[in-house]
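Enquirer: Quick one: the structure is below, questions incoming.
The values are calculated or read from the model by the stated rules, or taken from the named source; none is laboratory data. Predicted model, so just to flag it, every value in this text is computed and none were measured. Note that each Cβ is placed from the backbone with ideal geometry, even for glycine, and that neighbours are counted across all protein chains shown. What goes into the accessible areas is simple: the full protein's heavy atoms, side chains included, and nothing from ligands, DNA or RNA. Shrake-Rupley method; radii C 1.70, N 1.55, O 1.52, S 1.80 Å.
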Amino acid sequence: LSWSETRILVSSVAAITVCVRLGMASVLSQLVRPYTKFLTLPSKLSDPTCGERWLRCAQAATRNLAPDALREARVHRGRAGLYAMRGELAQARSELDLAVHKAQTLPENTLAFPDTLADLASVSNLAGDTREAIELYTRAGDAYVERLGETHPRVAAIHFNRATLFVDLGDRDRAGADFDLVQSIYERALGADALDVGQVHYARATAELAVGNLCAARQHAAQADAIYRRRLPDGHFDFADSSAAIGTVELLLADNNAAYVAFRRALSIAEQHPDAFPEFRSVYRCGLGEAVLALGRADEALGHFDQTLAELDRLDEAAPVFYASPLRARRVALIALGRPEEALPALERAEKILAEVPGQTVELAHVEWAMARALWLSGGDFGRARLQAASARSRYAQNGATWADRLRELDAWSRTYALSQSQAQSHTQIPNRMPDQTPGQTPSQTPSQTNENTP
(Lines give C-alpha, C1' and ligand atoms only; values in the text may rest on other atoms or scores of the structure.)
Protein backbone atom coordinates (compact mmCIF):
# COMPACT_ATOMS: atom_id res chain seq x y z
CA LEU A 1 0.00 0.00 0.00
CA SER A 2 1.14 3.55 -0.62
CA TRP A 3 1.77 5.90 2.31
CA SER A 4 -1.39 7.88 1.56
CA GLU A 5 -3.46 4.68 1.47
CA THR A 6 -1.92 3.53 4.73
CA ARG A 7 -2.78 6.84 6.43
CA ILE A 8 -6.38 6.55 5.22
CA LEU A 9 -6.52 3.00 6.54
CA VAL A 10 -5.08 3.82 9.96
CA SER A 11 -7.25 6.89 10.44
CA SER A 12 -10.33 4.96 9.30
CA VAL A 13 -9.67 2.16 11.80
CA ALA A 14 -9.35 4.63 14.66
CA ALA A 15 -12.43 6.61 13.65
CA ILE A 16 -14.50 3.46 13.05
CA THR A 17 -13.67 2.25 16.57
CA VAL A 18 -14.87 5.53 18.09
CA CYS A 19 -18.03 5.62 15.98
CA VAL A 20 -18.97 2.04 16.85
CA ARG A 21 -18.64 2.80 20.56
CA LEU A 22 -20.65 6.03 20.29
CA GLY A 23 -23.27 4.63 17.91
CA MET A 24 -22.60 7.32 15.29
CA ALA A 25 -24.01 5.38 12.37
CA SER A 26 -24.22 8.30 9.90
CA VAL A 27 -20.53 9.13 10.31
CA LEU A 28 -19.62 5.47 10.38
CA SER A 29 -21.20 4.85 6.99
CA GLN A 30 -18.83 7.41 5.43
CA LEU A 31 -15.72 6.17 7.20
CA VAL A 32 -16.22 2.50 6.41
CA ARG A 33 -16.18 3.03 2.62
CA PRO A 34 -12.43 3.57 2.18
CA TYR A 35 -11.83 0.85 4.73
CA THR A 36 -13.78 -1.84 2.87
CA LYS A 37 -11.84 -0.95 -0.27
CA PHE A 38 -8.82 -2.70 1.19
CA LEU A 39 -10.76 -5.90 1.70
CA THR A 40 -10.95 -6.30 -2.08
CA LEU A 41 -7.17 -6.27 -2.49
CA PRO A 42 -6.15 -9.70 -1.17
CA SER A 43 -3.15 -9.80 -3.52
CA LYS A 44 -1.63 -6.94 -1.50
CA LEU A 45 -1.94 -8.78 1.80
CA SER A 46 1.26 -10.68 2.45
CA ASP A 47 -0.04 -11.79 5.86
CA PRO A 48 -3.47 -13.51 5.87
CA THR A 49 -3.68 -13.03 9.66
CA CYS A 50 -3.48 -9.27 9.17
CA GLY A 51 -6.22 -9.51 6.54
CA GLU A 52 -8.42 -11.44 8.93
CA ARG A 53 -8.06 -8.67 11.52
CA TRP A 54 -9.12 -6.11 8.92
CA LEU A 55 -12.09 -8.24 8.00
CA ARG A 56 -13.26 -8.65 11.60
CA CYS A 57 -13.02 -4.90 12.14
CA ALA A 58 -15.03 -4.18 8.99
CA GLN A 59 -17.69 -6.73 9.96
CA ALA A 60 -17.98 -5.21 13.43
CA ALA A 61 -18.46 -1.80 11.85
CA THR A 62 -21.09 -2.94 9.36
CA ARG A 63 -23.29 -4.43 12.10
CA ASN A 64 -24.12 -0.87 13.14
CA LEU A 65 -25.11 0.21 9.63
CA ALA A 66 -28.20 -0.15 7.52
CA PRO A 67 -28.01 -2.93 4.87
CA ASP A 68 -25.85 -1.96 1.90
CA ALA A 69 -25.46 -4.47 -0.96
CA LEU A 70 -22.25 -2.90 -2.28
CA ARG A 71 -20.54 -2.95 1.10
CA GLU A 72 -21.70 -6.51 1.79
CA ALA A 73 -20.43 -7.63 -1.63
CA ARG A 74 -17.03 -6.13 -0.80
CA VAL A 75 -16.90 -7.96 2.52
CA HIS A 76 -17.74 -11.27 0.82
CA ARG A 77 -15.02 -10.59 -1.79
CA GLY A 78 -12.54 -9.80 0.97
CA ARG A 79 -13.33 -13.00 2.80
CA ALA A 80 -13.04 -14.94 -0.49
CA GLY A 81 -9.62 -13.45 -1.07
CA LEU A 82 -8.41 -14.63 2.33
CA TYR A 83 -9.78 -18.13 1.72
CA ALA A 84 -8.07 -18.22 -1.68
CA MET A 85 -4.74 -17.18 -0.14
CA ARG A 86 -4.98 -20.15 2.20
CA GLY A 87 -5.89 -22.50 -0.66
CA GLU A 88 -9.44 -23.03 0.63
CA LEU A 89 -10.99 -22.64 -2.81
CA ALA A 90 -14.41 -24.15 -2.06
CA GLN A 91 -14.97 -21.59 0.71
CA ALA A 92 -13.68 -18.82 -1.56
CA ARG A 93 -16.15 -19.90 -4.22
CA SER A 94 -19.05 -19.83 -1.76
CA GLU A 95 -18.19 -16.30 -0.64
CA LEU A 96 -17.94 -15.09 -4.22
CA ASP A 97 -21.30 -16.66 -5.08
CA LEU A 98 -22.79 -14.57 -2.25
CA ALA A 99 -20.95 -11.49 -3.54
CA VAL A 100 -22.36 -12.04 -7.05
CA HIS A 101 -25.86 -12.33 -5.59
CA LYS A 102 -25.44 -9.01 -3.76
CA ALA A 103 -23.82 -7.30 -6.78
CA GLN A 104 -26.69 -8.26 -9.07
CA THR A 105 -29.05 -6.13 -6.98
CA LEU A 106 -26.97 -2.98 -7.58
CA PRO A 107 -27.52 -0.40 -10.36
CA GLU A 108 -26.23 -1.53 -13.75
CA ASN A 109 -23.49 1.10 -13.91
CA THR A 110 -21.62 -0.18 -10.85
CA LEU A 111 -18.53 -2.33 -11.30
CA ALA A 112 -19.09 -4.69 -8.38
CA PHE A 113 -20.78 -7.30 -10.60
CA PRO A 114 -18.00 -7.67 -13.25
CA ASP A 115 -15.32 -7.30 -10.54
CA THR A 116 -16.81 -10.24 -8.65
CA LEU A 117 -17.18 -12.34 -11.81
CA ALA A 118 -13.48 -11.76 -12.52
CA ASP A 119 -12.61 -12.92 -8.98
CA LEU A 120 -14.79 -15.98 -9.48
CA ALA A 121 -13.01 -16.75 -12.76
CA SER A 122 -9.66 -16.55 -10.98
CA VAL A 123 -10.78 -19.00 -8.30
CA SER A 124 -12.17 -21.38 -10.94
CA ASN A 125 -8.82 -21.31 -12.68
CA LEU A 126 -6.98 -22.03 -9.43
CA ALA A 127 -9.33 -24.96 -8.91
CA GLY A 128 -8.34 -26.34 -12.32
CA ASP A 129 -11.61 -25.61 -14.15
CA THR A 130 -10.13 -23.70 -17.08
CA ARG A 131 -13.23 -23.76 -19.27
CA GLU A 132 -15.48 -22.38 -16.53
CA ALA A 133 -12.88 -19.69 -15.85
CA ILE A 134 -12.95 -18.68 -19.54
CA GLU A 135 -16.76 -18.49 -19.46
CA LEU A 136 -16.69 -16.31 -16.34
CA TYR A 137 -14.01 -14.01 -17.77
CA THR A 138 -16.15 -13.66 -20.91
CA ARG A 139 -19.18 -12.63 -18.83
CA ALA A 140 -17.05 -10.20 -16.83
CA GLY A 141 -15.62 -8.73 -20.03
CA ASP A 142 -19.08 -8.22 -21.53
CA ALA A 143 -20.23 -6.48 -18.34
CA TYR A 144 -17.17 -4.20 -18.34
CA VAL A 145 -17.81 -3.26 -22.00
CA GLU A 146 -21.40 -2.31 -21.15
CA ARG A 147 -20.22 -0.08 -18.31
CA LEU A 148 -16.86 1.26 -19.51
CA GLY A 149 -16.67 0.81 -23.29
CA GLU A 150 -14.61 -1.52 -25.46
CA THR A 151 -11.24 0.20 -25.04
CA HIS A 152 -11.05 0.50 -21.26
CA PRO A 153 -7.94 -1.03 -19.55
CA ARG A 154 -10.17 -3.27 -17.42
CA VAL A 155 -11.55 -4.83 -20.59
CA ALA A 156 -7.96 -5.38 -21.73
CA ALA A 157 -7.07 -7.03 -18.40
CA ILE A 158 -9.95 -9.49 -18.75
CA HIS A 159 -8.94 -10.45 -22.30
CA PHE A 160 -5.33 -10.84 -21.13
CA ASN A 161 -6.36 -13.32 -18.44
CA ARG A 162 -8.59 -15.17 -20.89
CA ALA A 163 -5.77 -15.36 -23.46
CA THR A 164 -3.49 -17.10 -20.97
CA LEU A 165 -6.20 -19.71 -20.37
CA PHE A 166 -6.60 -20.29 -24.11
CA VAL A 167 -2.84 -20.90 -24.17
CA ASP A 168 -3.30 -23.55 -21.45
CA LEU A 169 -5.93 -25.24 -23.63
CA GLY A 170 -3.68 -25.11 -26.68
CA ASP A 171 -6.10 -22.80 -28.54
CA ARG A 172 -3.52 -20.62 -30.22
CA ASP A 173 -5.96 -18.78 -32.51
CA ARG A 174 -8.27 -17.50 -29.78
CA ALA A 175 -5.31 -16.72 -27.52
CA GLY A 176 -3.73 -14.71 -30.34
CA ALA A 177 -6.97 -12.81 -30.99
CA ASP A 178 -7.23 -11.85 -27.31
CA PHE A 179 -3.57 -10.83 -27.13
CA ASP A 180 -4.00 -8.69 -30.28
CA LEU A 181 -6.96 -6.91 -28.69
CA VAL A 182 -5.13 -6.35 -25.39
CA GLN A 183 -2.06 -5.00 -27.12
CA SER A 184 -4.08 -2.61 -29.30
CA ILE A 185 -6.01 -1.25 -26.29
CA TYR A 186 -2.86 -0.64 -24.27
CA GLU A 187 -0.97 0.90 -27.18
CA ARG A 188 -3.82 3.32 -27.93
CA ALA A 189 -4.38 4.23 -24.28
CA LEU A 190 -0.83 4.18 -22.94
CA GLY A 191 1.55 4.18 -25.92
CA ALA A 192 3.58 1.46 -27.59
CA ASP A 193 6.35 1.81 -25.00
CA ALA A 194 4.14 1.30 -21.93
CA LEU A 195 5.02 -1.31 -19.34
CA ASP A 196 1.65 -3.00 -19.85
CA VAL A 197 2.57 -3.48 -23.51
CA GLY A 198 5.84 -5.06 -22.38
CA GLN A 199 3.88 -7.47 -20.18
CA VAL A 200 1.76 -8.44 -23.18
CA HIS A 201 4.88 -9.15 -25.26
CA TYR A 202 6.27 -11.30 -22.42
CA ALA A 203 3.00 -13.27 -22.17
CA ARG A 204 2.96 -13.74 -25.93
CA ALA A 205 6.53 -15.03 -25.82
CA THR A 206 5.57 -17.72 -23.30
CA ALA A 207 2.45 -18.54 -25.34
CA GLU A 208 4.48 -19.00 -28.54
CA LEU A 209 6.96 -21.15 -26.63
CA ALA A 210 4.11 -23.39 -25.51
CA VAL A 211 3.26 -24.22 -29.13
CA GLY A 212 6.86 -24.41 -30.36
CA ASN A 213 6.82 -21.19 -32.43
CA LEU A 214 10.34 -20.23 -31.46
CA CYS A 215 10.93 -17.36 -33.88
CA ALA A 216 7.80 -15.52 -32.74
CA ALA A 217 8.68 -16.27 -29.10
CA ARG A 218 12.15 -14.79 -29.59
CA GLN A 219 10.68 -11.64 -31.16
CA HIS A 220 8.15 -11.03 -28.37
CA ALA A 221 10.69 -11.76 -25.62
CA ALA A 222 13.13 -9.27 -27.17
CA GLN A 223 10.40 -6.61 -27.43
CA ALA A 224 9.41 -7.12 -23.79
CA ASP A 225 13.04 -6.86 -22.71
CA ALA A 226 13.56 -3.68 -24.75
CA ILE A 227 10.54 -1.99 -23.16
CA TYR A 228 11.67 -3.02 -19.68
CA ARG A 229 15.14 -1.59 -20.34
CA ARG A 230 13.65 1.76 -21.34
CA ARG A 231 11.03 2.00 -18.60
CA LEU A 232 12.43 0.22 -15.55
CA PRO A 233 15.48 0.78 -13.34
CA ASP A 234 18.41 -1.62 -13.69
CA GLY A 235 17.92 -4.78 -11.69
CA HIS A 236 14.11 -4.67 -11.66
CA PHE A 237 12.65 -8.15 -11.19
CA ASP A 238 10.75 -8.04 -14.49
CA PHE A 239 14.12 -8.13 -16.26
CA ALA A 240 14.59 -11.61 -14.83
CA ASP A 241 11.36 -12.77 -16.48
CA SER A 242 12.22 -11.41 -19.91
CA SER A 243 15.80 -12.68 -19.70
CA ALA A 244 14.60 -16.17 -18.77
CA ALA A 245 12.19 -16.15 -21.72
CA ILE A 246 15.04 -15.19 -24.03
CA GLY A 247 17.23 -17.88 -22.49
CA THR A 248 14.59 -20.55 -23.01
CA VAL A 249 14.16 -19.61 -26.67
CA GLU A 250 17.90 -19.53 -27.34
CA LEU A 251 18.34 -22.90 -25.63
CA LEU A 252 15.67 -24.45 -27.83
CA LEU A 253 17.27 -22.85 -30.90
CA ALA A 254 20.63 -24.34 -29.80
CA ASP A 255 22.30 -20.94 -29.34
CA ASN A 256 23.72 -22.19 -26.07
CA ASN A 257 26.10 -19.30 -25.39
CA ALA A 258 23.25 -16.77 -25.74
CA ALA A 259 21.09 -18.95 -23.49
CA TYR A 260 23.85 -19.04 -20.87
CA VAL A 261 24.17 -15.23 -20.87
CA ALA A 262 20.40 -14.75 -20.59
CA PHE A 263 19.90 -17.23 -17.73
CA ARG A 264 22.97 -15.91 -15.92
CA ARG A 265 21.45 -12.42 -16.07
CA ALA A 266 18.03 -13.68 -14.91
CA LEU A 267 19.54 -15.48 -11.93
CA SER A 268 21.74 -12.50 -11.02
CA ILE A 269 18.69 -10.20 -10.94
CA ALA A 270 16.60 -12.69 -8.97
CA GLU A 271 19.37 -13.00 -6.36
CA GLN A 272 19.06 -9.25 -5.77
CA HIS A 273 15.45 -9.88 -4.67
CA PRO A 274 15.75 -12.85 -2.30
CA ASP A 275 12.18 -12.51 -0.98
CA ALA A 276 10.48 -12.09 -4.36
CA PHE A 277 9.18 -15.30 -5.94
CA PRO A 278 11.94 -17.65 -4.71
CA GLU A 279 10.47 -20.48 -6.81
CA PHE A 280 11.23 -18.45 -9.93
CA ARG A 281 14.84 -18.17 -8.83
CA SER A 282 14.97 -21.96 -8.88
CA VAL A 283 13.59 -21.90 -12.44
CA TYR A 284 16.33 -19.51 -13.56
CA ARG A 285 19.06 -21.57 -11.89
CA CYS A 286 17.73 -24.71 -13.54
CA GLY A 287 17.74 -22.92 -16.91
CA LEU A 288 21.33 -21.87 -16.33
CA GLY A 289 22.19 -25.48 -15.55
CA GLU A 290 20.57 -26.64 -18.81
CA ALA A 291 22.57 -24.04 -20.76
CA VAL A 292 25.78 -25.18 -19.08
CA LEU A 293 24.88 -28.80 -19.83
CA ALA A 294 24.28 -27.94 -23.49
CA LEU A 295 27.76 -26.38 -23.54
CA GLY A 296 29.18 -29.76 -22.49
CA ARG A 297 29.96 -29.00 -18.83
CA ALA A 298 27.97 -31.80 -17.20
CA ASP A 299 29.70 -31.64 -13.79
CA GLU A 300 28.96 -27.93 -13.43
CA ALA A 301 25.37 -28.45 -14.63
CA LEU A 302 24.79 -31.20 -12.08
CA GLY A 303 25.87 -28.76 -9.36
CA HIS A 304 23.26 -26.23 -10.55
CA PHE A 305 20.51 -28.86 -10.56
CA ASP A 306 21.41 -30.10 -7.08
CA GLN A 307 21.50 -26.52 -5.77
CA THR A 308 18.11 -25.86 -7.36
CA LEU A 309 16.60 -28.87 -5.59
CA ALA A 310 18.20 -27.85 -2.28
CA GLU A 311 16.74 -24.34 -2.59
CA LEU A 312 13.28 -25.75 -3.27
CA ASP A 313 13.57 -28.06 -0.26
CA ARG A 314 14.30 -25.03 1.95
CA LEU A 315 11.10 -23.28 0.89
CA ASP A 316 8.12 -23.86 3.15
CA GLU A 317 5.52 -24.05 0.41
CA ALA A 318 7.28 -24.60 -2.93
CA ALA A 319 4.80 -25.83 -5.52
CA PRO A 320 5.61 -29.46 -6.34
CA VAL A 321 5.66 -28.79 -10.08
CA PHE A 322 8.84 -26.70 -9.69
CA TYR A 323 10.75 -29.88 -8.84
CA ALA A 324 10.03 -31.59 -12.15
CA SER A 325 12.44 -29.75 -14.46
CA PRO A 326 15.58 -29.97 -12.26
CA LEU A 327 14.88 -33.62 -11.49
CA ARG A 328 14.53 -34.41 -15.20
CA ALA A 329 17.50 -32.27 -16.24
CA ARG A 330 19.59 -33.99 -13.56
CA ARG A 331 19.00 -37.25 -15.42
CA VAL A 332 20.53 -35.82 -18.61
CA ALA A 333 23.62 -34.66 -16.69
CA LEU A 334 24.07 -38.05 -15.02
CA ILE A 335 23.81 -39.88 -18.35
CA ALA A 336 26.37 -37.49 -19.84
CA LEU A 337 28.65 -38.38 -16.91
CA GLY A 338 28.15 -42.11 -17.55
CA ARG A 339 25.95 -42.67 -14.48
CA PRO A 340 22.47 -43.44 -15.89
CA GLU A 341 21.51 -45.75 -13.02
CA GLU A 342 21.63 -42.75 -10.63
CA ALA A 343 19.02 -40.91 -12.73
CA LEU A 344 16.14 -43.27 -11.96
CA PRO A 345 15.36 -42.18 -8.34
CA ALA A 346 15.11 -38.52 -9.39
CA LEU A 347 12.86 -39.36 -12.33
CA GLU A 348 10.63 -41.55 -10.18
CA ARG A 349 10.30 -38.67 -7.73
CA ALA A 350 9.42 -36.27 -10.57
CA GLU A 351 6.83 -38.72 -11.90
CA LYS A 352 5.18 -39.03 -8.49
CA ILE A 353 5.07 -35.24 -8.06
CA LEU A 354 3.60 -34.56 -11.49
CA ALA A 355 0.99 -37.31 -11.22
CA GLU A 356 -0.61 -35.33 -8.37
CA VAL A 357 -0.61 -31.94 -10.16
CA PRO A 358 -3.47 -31.20 -12.62
CA GLY A 359 -2.64 -30.01 -16.12
CA GLN A 360 0.91 -31.37 -16.34
CA THR A 361 0.38 -33.83 -19.19
CA VAL A 362 3.35 -32.70 -21.30
CA GLU A 363 5.74 -32.37 -18.36
CA LEU A 364 4.77 -35.88 -17.22
CA ALA A 365 5.37 -37.13 -20.76
CA HIS A 366 8.87 -35.59 -20.65
CA VAL A 367 9.62 -37.46 -17.44
CA GLU A 368 8.25 -40.79 -18.67
CA TRP A 369 10.26 -40.51 -21.89
CA ALA A 370 13.39 -39.67 -19.91
CA MET A 371 12.74 -42.64 -17.61
CA ALA A 372 12.36 -45.00 -20.57
CA ARG A 373 15.78 -44.00 -21.89
CA ALA A 374 17.40 -44.09 -18.44
CA LEU A 375 16.07 -47.62 -17.89
CA TRP A 376 17.41 -48.67 -21.28
CA LEU A 377 20.87 -47.17 -20.84
CA SER A 378 21.29 -48.49 -17.32
CA GLY A 379 20.49 -52.03 -18.49
CA GLY A 380 17.47 -52.12 -16.20
CA ASP A 381 13.91 -53.28 -16.70
CA PHE A 382 13.45 -53.16 -20.50
CA GLY A 383 9.77 -54.06 -20.25
CA ARG A 384 9.16 -51.13 -17.95
CA ALA A 385 11.13 -48.89 -20.33
CA ARG A 386 8.78 -49.85 -23.14
CA LEU A 387 5.70 -49.14 -20.99
CA GLN A 388 7.08 -45.73 -19.99
CA ALA A 389 7.73 -44.85 -23.63
CA ALA A 390 4.21 -45.94 -24.62
CA SER A 391 2.67 -43.83 -21.85
CA ALA A 392 4.78 -40.83 -22.89
CA ARG A 393 3.68 -41.24 -26.49
CA SER A 394 0.03 -41.28 -25.47
CA ARG A 395 0.43 -38.07 -23.47
CA TYR A 396 2.27 -36.26 -26.27
CA ALA A 397 -0.45 -37.34 -28.72
CA GLN A 398 -3.09 -35.67 -26.52
CA ASN A 399 -1.45 -32.31 -27.23
CA GLY A 400 -1.97 -32.25 -30.99
CA ALA A 401 0.55 -31.39 -33.66
CA THR A 402 2.86 -29.46 -31.32
CA TRP A 403 4.77 -32.62 -30.43
CA ALA A 404 4.70 -34.32 -33.84
CA ASP A 405 8.50 -34.52 -33.95
CA ARG A 406 8.58 -36.13 -30.52
CA LEU A 407 6.02 -38.71 -31.62
CA ARG A 408 8.22 -39.62 -34.61
CA GLU A 409 11.19 -39.88 -32.25
CA LEU A 410 9.30 -42.21 -29.95
CA ASP A 411 8.14 -44.34 -32.85
CA ALA A 412 11.74 -44.65 -34.08
CA TRP A 413 12.82 -45.61 -30.55
CA SER A 414 10.11 -48.27 -30.37
CA ARG A 415 11.13 -49.76 -33.71
CA THR A 416 14.77 -49.90 -32.61
CA TYR A 417 13.71 -51.40 -29.29
CA ALA A 418 11.76 -54.14 -31.05
CA LEU A 419 14.67 -54.84 -33.39
CA SER A 420 17.20 -54.99 -30.58
CA GLN A 421 15.00 -57.34 -28.58
CA SER A 422 14.64 -59.60 -31.62
CA GLN A 423 18.39 -59.61 -32.18
CA ALA A 424 19.06 -60.24 -28.51
CA GLN A 425 16.82 -63.29 -28.63
CA SER A 426 18.80 -64.47 -31.67
CA HIS A 427 22.10 -63.84 -29.78
CA THR A 428 23.12 -61.21 -32.30
CA GLN A 429 24.61 -57.80 -31.73
CA ILE A 430 22.36 -54.84 -30.85
CA PRO A 431 22.43 -52.13 -33.57
CA ASN A 432 24.92 -49.29 -33.29
CA ARG A 433 22.19 -46.67 -32.88
CA MET A 434 20.82 -47.14 -29.39
CA PRO A 435 17.21 -46.17 -28.62
CA ASP A 436 18.41 -43.10 -26.73
CA GLN A 437 19.79 -41.84 -30.04
CA THR A 438 17.21 -39.91 -32.06
CA PRO A 439 17.01 -40.09 -35.87
CA GLY A 440 19.70 -37.90 -37.34
CA GLN A 441 21.83 -37.92 -34.17
CA THR A 442 25.34 -39.23 -34.69
CA PRO A 443 26.85 -41.73 -32.24
CA SER A 444 29.38 -39.09 -31.15
CA GLN A 445 26.66 -36.80 -29.79
CA THR A 446 26.11 -37.04 -26.05
CA PRO A 447 22.70 -36.70 -24.45
CA SER A 448 23.70 -33.25 -23.22
CA GLN A 449 23.76 -32.08 -26.83
CA THR A 450 20.06 -32.77 -27.39
CA ASN A 451 17.25 -30.85 -25.80
CA GLU A 452 14.27 -32.91 -24.75
CA ASN A 453 12.09 -29.83 -24.31
CA THR A 454 12.18 -29.03 -28.02
CA PRO A 455 8.84 -29.79 -29.69
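One line per residue, one yes/no per condition, for (1) charged (D, E, K, R); (2) touching a Ser or Thr at 6+ places or on another chain (Cβ under 6 Å); (3) touching a residue at least 24 places away in the same chain (Cβ under 8 Å); (4) farther than 30 Å from D171 by Cα:
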{"site": "L82", "(1), (2), (3), (4)": "no, no, yes, yes"}
{"site": "D97", "(1), (2), (3), (4)": "yes, no, no, no"}
{"site": "A118", "(1), (2), (3), (4)": "no, no, yes, no"}
{"site": "S124", "(1), (2), (3), (4)": "no, no, yes, no"}
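Enquirer: Follow-up question, since we're still on this one. In region 74-128, which residues are farther than 21 Å from R154 by Cα, of a type in the set (D, E) and part of a helix (DSSP H, G or I)?
Expert: Within region 74-128, E95, D97 qualify.
Enquirer: With (1) of a type outside the set (D, E); (2) in a helix (DSSP H, G or I); (3) surrounded by fewer than 16 Cβ atoms within 10 Å (Cβ to Cβ) as the list, and V145 as the residue in question, which single condition is left unmet?
Expert: (3)
Enquirer: Return yes when L347 is within 19 Å of the chain's Cα centre (by Cα), part of a helix (DSSP H, G or I) and either without any contact (Cβ under 8 Å) to a residue 24 or more places away in the chain or surrounded by 15 or more Cβ atoms within 10 Å (Cβ to Cβ) (or both) and no when it is not.
Expert: No; evaluated as a whole, the condition is false for this residue.
Enquirer: Right, another one. Please determine whether any residue of region 107-124 is in contact with an Asp or Glu (Cβ under 6 Å, 6 or more places away or on another chain) and polar (S, T, N, Q).
Expert: yes
Enquirer: Restricting to region 281-297, count the residues that are part of a helix (DSSP H, G or I), modelled with pLDDT of 90 or more and charged (D, E, K, R).
Expert: Number satisfying all stated conditions: 2.
Enquirer: Are there any pairs, at least 6 apart or on different chains, whose C-beta atoms fall under 8 Å, with the first in region 293-310 and farther than 13 Å from A336 by Cβ and the second open to solvent by 40 Å² or more (accessible area, probe 1.4 Å), and if so, which?
Expert: Every condition considered, the pairs that remain are D306/R330; L309/R330.
Enquirer: In region 94-126, what residues are farther than 15 Å from N161 by Cα and open to solvent by 70 Å² or more (accessible area, probe 1.4 Å)?
Expert: Residues satisfying the conditions are D97, L98, H101, Q104, T105, P107, E108, N109.
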